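Just below is one structure, and these are the notes that go with it.
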Number of protein chains: 2
Amino acid sequence: MRKKLGLIAGGGQFPLKVCDSALKQGYLTVGVGFKDYTDPLLASRVDEFLWVNLGQLGKVIKFLKKNHVQEVIFAGPISKPKALNLRPDFRAAKVLFKLKSLNDGAIFKALIAEFESEGFRVVGPQQFVPDLIAPSGILSFRKPSSIELESFKFGWPILKKIGNLDIGQCLVVKEKIVIAVEGIEGTNATIKRAGELGGKGCVVLKAFKPGQDERIDMPALGLETIKTMIEAKATALFFEAKYSLFFDLDKSLKLANEHGLTIVGIKEGKI
Amino acid sequence: MRKKLGLIAGGGQFPLKVCDSALKQGYLTVGVGFKDYTDPLLASRVDEFLWVNLGQLGKVIKFLKKNHVQEVIFAGPISKPKALNLRPDFRAAKVLFKLKSLNDGAIFKALIAEFESEGFRVVGPQQFVPDLIAPSGILSFRKPSSIELESFKFGWPILKKIGNLDIGQCLVVKEKIVIAVEGIEGTNATIKRAGELGGKGCVVLKAFKPGQDERIDMPALGLETIKTMIEAKATALFFEAKYSLFFDLDKSLKLANEHGLTIVGIKEGKI
C-alpha cells in the first residue's frame with residue numbers, strides 16, 4: 001500500500017514543490033489549503049484536497065484521519081499580520097489557550113505536539129526538497145569585507161539571543177549598530193526599513209531560532225530577499241546554512257553577483 | 001563662586017527646561033549645541049555657548065574645560081538614523097574604536113567614562129527636572145483590562161531581555177504575540193508600524209534597559225507618544241516609572257482619557 005502524505009499548505013510555490021516530489025517518491029498526497037493563502041493549483045495536483053479557514057484545526061485533523069494519512073508536512077508561509085484575524089475552532093482554541101506565548105515558535109511546537117498526539121508523524125521538508133536546503137560557505141563571487149565580517153560577528157550572537165526569545169529570524173546591522181529587528185512584519189519589510197534608516201551598506205542576518213523545530217519554521221530566502229536587499233542598498237547576507245530554505249538559489253546568486261553582494265551560509269555559527 | 005553646569009544639548013525642549021532649572025538653582029550654565037539638532041534658543045539662555053558638529057568630542061571637552069565646568073549633563077535626544085553620518089574627530093574616533101558595540105547604551109557608557117576621566121562629574125536630570133520623572137501606578141481613568149494586563153506580563157520580561165542586549169526600549173505586544181521591536185527607528189515609528197501590522201488593541205511597553213546608566217538614556221514619553229498610540233489604535237501604555245521622563249504629563253493624560261487609553265507606570269516590574 002502506498003504511503004499517504006498529508007500536506008498542510010501555506011502560500012507560495014513551496015507546497016507545489018513538496019507535492020511534486022512526494023508524488024515522485026510514490027506517495028499518495030492529501031492536501032489542505034487555507035482560503036486566501038494557498039495556491040489553488042495545489043487542489044489539482046494532490047489526490048485528495050480540502051479548503052479550510054485558518055484556525056479550523058479540528059476539521060483538518062478529521063479530514064487527514066478519514067484519508068488514513070500517516071505522515072504530515074507543513075509547507076509554505078502563513079503571513080502573520082493577516083493571520084491575526086483567525087477564528088479558532090474549538091480544537092484550535094484549546095491549543096492556543098494553553099500557550100503562554102503566541103509567537104511563531106510556540107505555536108509551531110504546539111501544532112506538532114497536537115498532530116503527534118493524534119498518531120501522525122510530522123516530517124520536515126528535507127527529504128522532499130533536499131535541493132532547497134541552503135548550503136554553507138561563501139556562495140557569491142565577492143567575499144565579505146572586513147567590516148561586513150565584523151557586522152556578522154557582532155550581530156549573529158545577538159540574533160541568536162533574540163531567537164531564544166522566539167521573536168524574529170532577521171536582524172539588520174551596520175557597523176556594530178543594530179538597525180532593525182524583525183517582529184511580525186517579515187524579513188523583506190525589515191530589510192526595507194533598515195535601508196531607509198541605516199542607508200547604504202547594511203548587513204542582513206537571518207538565523208534559525210535556537211531550540212525551535214526545523215520541521216516547520218525554517219528560515220526562507222530567495223530571489224525576493226536579494227531584490228529587497230538591492231533596493232535597500234544592503235551589501236551582505238549571512239544566513240543559517242542547513243536549517244534554511246533557499247529558493248531559486250542559482251538565479252538569486254546570479255542577481256547578487258551582478259550587484260556585487262556577498263552571500264554567505266553560516267554553519268554552526270561559522271563561515 | 002557659583003557652580004558651573006555644562007549642558008550638552010540634543011533636540012527638543014528638554015535642554016531648555018534643564019537650563020532654566022539650573023539657572024534658578026544658581027548655576028552658571030555653559031551650553032553645547034549640535035548643528036541641526038539643538039534648538040538655537042538655548043544659545044541665548046546659557047551664559048556661554050558653543051555650536052559643534054556631532055562627533056566633535058575633543059572640541060566639546062576643551063570648551064567645557066576652558067570655562068571651568070565641574071558638572072556635565074546630557075539632555076535631549078539625538079535622532080539615531082541622522083547620527084549615522086557623524087564624522088568623529090580624533091578623540092571621538094578613539095572612543096568609538098574601542099567599543100565592541102555602537103548601540104546606544106554602549107556609546108553612552110563610554111561617553112560618561114570619557115567625561116569622568118577628564119574630571120567632570122556627570123549628573124542626571126533628576127535634580128533639575130524632578131517633575132518630569134514618570135510616576136508609578138495607574139495614571140489614567142481607565143484601568144487596564146485583563147487582556148492588556150496579560151500582554152504586559154507577557155511582554156515586559158521579553159523587553160527587559162531585549163534591553164539587556166542593548167537594542168530598543170520599546171516593544172509592542174498584542175495578546176501574547178510580539179508585534180514590533182524597536183531598533184533605531186524610535187518609539188513612535190515602532191508604535192505606528194505595530195498599528196499597521198497588528199491592528200486595533202496593541203499594547204505599548206517602554207522600559208529602562210537593565211544595567212544602563214540613568215544619567216543619559218532615560219526612556220522619554222509625552223504627548224507625541226499618546227497621539228501616535230491613538231493614530232495606531234493602541235489601547236494601553238506600560239512604562240518604566242522613576243527611570244523614565246514623562247513630558248506634558250497632564251496634557252498627555254487628558255488626551256489619553258479622552259480616548260479611553262490606559263496608562264500605567266511600572267515600578268520594579270510591578271503595577
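Coordinate-derived values only; no laboratory data. All values derive from a computational prediction rather than experimental measurement. Reconstructed Cβ throughout: ideal geometry from the backbone, glycine too, with neighbour counts over all protein chains shown.
Numerical summary
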item: Debye, to nearest 20: dipole size of chain B, +1 on Lys, Arg Cβ, -1 on Asp, Glu Cβ; result: 360 debye
item: Residue-span extension gain [B:H259 to B:N164] - 0.36 nm each, minus C-alpha spacing; result: 30.9 nm
item: Around A:S117: net Lys/Arg minus Asp/Glu count, Cβ-Cβ under 14 Å; result: +3
item: At 7 Å out from Cα toward Cβ: B:K94 inter-copy label distances (nm, ascending); result: 6.9
item: 7 Å along Cα→Cβ, label-point gaps from B:R142 to other copies, nm, shortest first; result: 5.0
item: Total formal charge among the other residues, if their Cβ is under 15 angstrom from that of A:E185, Lys/Arg +1 and Asp/Glu -1; result: +1
item: Value in Å of the Kirkwood radius, where chain B supplies the Cα pairs that are averaged; result: 19.3 Å
item: Signed unit charges on C-beta, dipole axis of chain B, positive-most listed residue B:I226, B:I107, B:G155; result: B:I107
item: GNM result for chain A, Cα springs below 10 Å: residue of A:I133, A:I112, A:I158 fluctuating most strongly; result: A:I158
item: Residue closest to axis [chain B; rotation mapping onto A; Cβ; Å]; result: B:V181, 2
item: Rel. contact order, % - alpha carbon contacts under 8 angstrom, at least six apart, the stretch B:66-193; result: 22 percent
item: Neighbour-count order for A:S151, B:S21, fewest beta carbons within 10 angstrom listed first; result: B:S21, A:S151
item: Shielding by partners, peptide A:183-196 (average Cβ within 10 angstrom, other chains); result: 4
item: Karplus-derived 3J(HN,Hα), 6.51/-1.76/1.60, for each residue of the stretch A:91-103, Hz, glycine and proline x; result: 5, 5, 4, 4, 5, 5, 4, 6, 7, 7, 9, 10, 5
item: Candidates A:K174, A:K59, A:K206, ranked by Gaussian network fluctuation over chain A, Cα under 10 Å, top entry; result: A:K59
item: Total charge dipole magnitude, the stretch A:133-266, about the Cα centre, Cβ charges on Lys, Arg, Asp, Glu only, Debye to nearest 20; result: 340 debye
item: Inter-copy label distances at A:N53 (7 Å, Cα→Cβ; nm, one decimal); result: 6.0
item: Cα centroid separation, the stretch A:202-271 to the stretch B:46-91 (Å); result: 40 Å
item: Residue-averaged [θ]222 nm for the protein assembly as shown, counting only DSSP H segments that reach four residues, each worth -39500 (n - 2.57); result: -11500 deg cm²/dmol
item: Rel. contact order, % - alpha carbon contacts under 8 angstrom, at least six apart, the stretch A:4-127; result: 27 percent
item: Karplus (6.51, -1.76, 1.60) ³J(HN,Hα), θ = phi - 60°, over the stretch B:141-152, in Hz, Gly and Pro reported as x; result: 5, 7, 7, x, 6, 5, 5, 5, 5, 5, 4, 4
item: Cα-based shape type of the stretch A:133-266, given that a ≥ b ≥ c are square roots of the gyration tensor eigenvalues and the cut on a/c is 1.5; result: rounded
item: Choice from B:L171, B:L16, B:L255 with maximal GNM fluctuation in chain B (Cα, 10 Å cutoff); result: B:L255
item: Considering only the protein assembly as shown, percent of DSSP beta bridges that pair antiparallel, nearest 5; result: 30 percent
